[in-house]
1. Pull out all pairs, ordered by first then second residue, where Cβ-Cβ is under 8 Å, the residues are six or more apart or on different chains, the first lies in segment 10-24 and is over 20 Å from His272 (Cβ atoms), and the second is among the basic types (Lys, Arg) and modelled with pLDDT of 95 or more.
2. Is it the case that Leu10 is under 16 Å from Asn268 (Cβ atoms), assigned to a helix (DSSP H, G or I) and not hydroxyl-bearing (Ser, Thr, Tyr)?
3. Check off (1) more than 30 Å from Ser226 (Cα to Cα); (2) in contact with a helix residue (DSSP H, G or I) (Cβ under 6 Å, 6 or more places away or on another chain); (3) modelled with pLDDT of 95 or more for Lys305 and give me the number that stays unchecked.
4. Tell me the residue from Leu105, Leu92 that is in a helix (DSSP H, G or I), farther than 30 Å from Glu421 by Cα and out of contact with any Phe, Trp or Tyr (no Cβ under 7 Å at 6 or more places or on another chain), please.
5. Give the residues of segment 161-187 that are at pLDDT 90 or above and not in a loop (DSSP other than H, G, I, E, B), sorted by residue number.
6. Hand me the list of helices (runs of 4 or more DSSP H) wholly inside segment 196-306 holding 1 or more residues that are among the aromatic types (Phe, Trp, Tyr).
7. Of all residues in segment 396-412, how many are surrounded by 16 or more Cβ atoms within 10 Å (Cβ to Cβ) and not in a loop (DSSP other than H, G, I, E, B)?
Amino acid sequence: MKKLIIYNTLTRKKEEFKPIHKGHVGMYVCGPTVYGDAHLGHARPAITFDLLFRYLLYLGYKVRYVRNITDVGHLEHDADDGEDKIAKKARLEQLEPMEVVQYYLNRYHHAMEALNVLPPSIEPHASGHIIEQIDFVKRILDAGYAYISEGSVYFDVEKYNQQHHYGKLSGRNIEELLETTRELDGKSEKHRSIDFALWKKAQPEHIMRWHSPWSDGFPGWHLECSTMGTKYLGERFDIHGGGMDLMFPHHECEIAQSTAALGHESVNYWMHNNMLTINGQKMGKSLGNFITLDEFFNGTHPLLKQAFAPMTIRFFMLQAHYRSTIDFSNEALEAAEKGFERLKEAYQRLQKLKASEHSSIDTTGLRQRCEEAMSDDLNSPIVISHLFESAKAINTISDGKATISANDLKELQETWKVFTEDLLGLKMKAESDNKNLHAYQKAVDLLLNIRLEAKKNKDWATSDKIRNELTALGFSVKDTKDGFEWNL
């Protein structure tokens, strides 16, 4: 195997990757909470760890890639307080919670497919592993690192920190935090506010609940990843990834839970992609800059000047190293669109080149340079720069100002395919023009608005005909209180 260097967030340094089991890699990545459409925050970790997944396979490893789906336990206010986000959506829309989950999971999968993100080996749901999570809580209780309070079970951070180091991943000063978070009024179920829920007793109005030894309730948000990671990858596995925003408290809690239950840490390498901003601001619904992937693809958000194809989004993200911040703007995306078009043009020219008897220009060494960049902590920007440098030679040959031998041409074509399509995951064939795509979206919206008018006029025949014809063409149409939603 070629040497692979990755940055380990836990040790805060680059390290040579050495898998636990020779030739095999276990990788766990935190997936989405499916209560709304996929947005840019979902896209970056998906693309980052898709790149890692692809490169590990290229290096010859057999990879078990687990990406979880959070469909219970992620509460509205914080990890331990408020209404379950999915249950709230179900209540407001008068749906079953799993109906909400399935609808948005389907849309998430469509978005990932558009971004050419490979599916994981296993995609477990938190709600499908309640028994395992209850067993995990029992192990933590038996080890003495948790306590029961009014039907809920909480992790005792202070006791854990006396024997281990809570805060080692994020670098937080937990001792100082413990001194300032003692509950004095006796109203809280927790001993300390820093303690976190392993199991929550469900309030009467709570829809999603299961029976446990402590109460009818539901698992805490942090618990699912420790449980499912252990179930599918074993008590020790190689890589755990996710966005930097999950480092504290989510991943910090995972380390504590696993260490408490298993007697040792379970992850060898922690990897985190950095944050993204829009026009220099953090993305958020309250700021009006929260843009879903569908809105990017369709150009329907007020902040967007045009639609941006999925491959433009992917290329833009890969132009930055996964540990650097990314700022999205129309101008930056337009530049990425032009850059990707130039790369595709070079790729298409490469396919049309004719071999000569000899090479009059040096095109060798590209594969080695790209491998060196990928092996240096997935340095995709350097890979892209090498490809652009190689494009100059391709254009020179295409213009008849240089020649290339059959062997050199074959190697160049194979290298470009491997690094653009197989590893960077870019679709190099021409995609629909963005203007045509936008017009197509508008045409579908027009039809569905006509259908709304027909429904208002009780013209059920026209309404049903439009819906049935669109369904037959492969469209999924959903009526909402504000109008409609659709996807292909």
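1. Ile20/Arg236; Gly23/Lys62; His24/Lys62; His24/Arg64
2. No, not satisfied.
3. Lys305 satisfies every listed condition except (3).
4. Leu92
5. Of everything in segment 161-187, those that are at pLDDT 90 or above and not in a loop (DSSP other than H, G, I, E, B) turn out to be Asn161, Gln162, Gln163.
6. 223-233, 293-298
7. Within segment 396-412, residues that are surrounded by 16 or more Cβ atoms within 10 Å (Cβ to Cβ) and not in a loop (DSSP other than H, G, I, E, B) number 7.
Matching residues to (1) under 22 Å from Tyr322 (Cα atoms); (2) in contact with a Gly (Cβ under 7 Å, 6 or more places away or on another chain); (3) surrounded by fewer than 19 Cβ atoms within 10 Å (Cβ to Cβ):
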{"residue": "Leu52", "(1), (2), (3)": "yes, no, no"}
{"residue": "Leu56", "(1), (2), (3)": "yes, no, no"}
{"residue": "Arg67", "(1), (2), (3)": "yes, yes, no"}
{"residue": "Leu75", "(1), (2), (3)": "no, yes, no"}
{"residue": "Ala79", "(1), (2), (3)": "no, yes, yes"}
{"residue": "Leu92", "(1), (2), (3)": "no, no, yes"}
{"residue": "Tyr104", "(1), (2), (3)": "no, yes, no"}
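The values are calculated or read from the model by the stated rules, or taken from the named source; none is laboratory data. Quantities reported herein were computed from a predicted structural model and do not represent experimental measurements. Cβ: placed from backbone, ideal geometry, glycine included. Neighbour counts: every protein chain shown.
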